[in-house]
Amino acid sequence: MNNQRESIHARLRRSADTINKIPIGQTFNVYQALDAQREIGLPVWVMGNGGSLSNAQHLVLHLRQAGFEVVDLMSDPAWLSAESNDRGYHGAIVRGFDHYRSPGAIVLISGSGNSLNCLDIARHFKRPEFVSGPEIVGLLGMGGGRLKEFCSASVTVPSDEYAEIEDAHAAIIHAVVNELGAPVYGPMSENFGQ
């Protein structure tokens, strides 16, 4: 029992240490990129892969609380599964872009920075016909992977461990959306849980 207790404690310390190493300048650049979307008035699209999908959905929730128009690119599982089954998984998300209003920014969340579906989106909007396309914002890890080169603003968590990266991404999301106006810090509402 003590081995498990020590193991849990060690994991929590490692995540806390990783969070303490988050590059603040990069995080502020992500905040500025998202804050600029208020003036533009276009939606923010959000995409994550695997465990990062949960963080992406978390970001969608808080951006909506802050008054942003947000599209969760993975929120239509019926369409995604039909498209993947009928035409192949590769590129399925990109083929669904016609369903949404054009974005001002796209936030791509990938622990490795090499998630193929996130790379498909980034490549799509870096084509010549999108000269003034949306700003691509990344929450990344493991050195940033191939996605980093597509991002105009990104935070690369200094870790190669998925759990630590995902914990750090959640902390970044909370810090940024709090400054954007989502009430994530402070006392809970007295109506909470009713």
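The values are calculated or read from the model by the stated rules, or taken from the named source; none is laboratory data. Just so you know, these numbers come straight off a predicted model, no measurement behind them. Neighbour counts are summed over all protein chains in view; Cβ atoms, including those assigned to glycine, are modelled from backbone coordinates with ideal geometry. Note: areas computed on protein heavy atoms with side chains; ligands, DNA, RNA excluded. Shrake-Rupley method; radii C 1.70, N 1.55, O 1.52, S 1.80 Å.
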Single condition residue 87 does not satisfy, out of (1) over 18 Å from residue 174 (Cα atoms); (2) surrounded by fewer than 14 Cβ atoms within 10 Å (Cβ to Cβ); (3) in contact with a Leu (Cβ under 9 Å, 6 or more places away or on another chain): (3)
Residue ID - surrounded by the fewest Cβ atoms within 10 Å (Cβ to Cβ), chosen from residues in region 120-144 that are free of Cβ contacts under 8 Å to residues at least 40 places away in the same chain and of a type in the set (Val, Ile, Thr): 131
Residues that are over 20 Å from residue 151 (Cα atoms), of a type in the set (A, V, I, L, M, F, W, C) and open to solvent by 20 Å² or more (accessible area, probe 1.4 Å), drawn from region 35-73: 61, 68
Residues located in region 156-183, provided they are surrounded by 18 or more Cβ atoms within 10 Å (Cβ to Cβ) and at pLDDT below 95: 182
Close pairs from region 88-108: first closer than 15 Å to residue 133 by Cα, partner among the hydrophobic types (A, V, I, L, M, F, W, C) and modelled with pLDDT under 75, Cβ under 7 Å, at least 6 apart: none
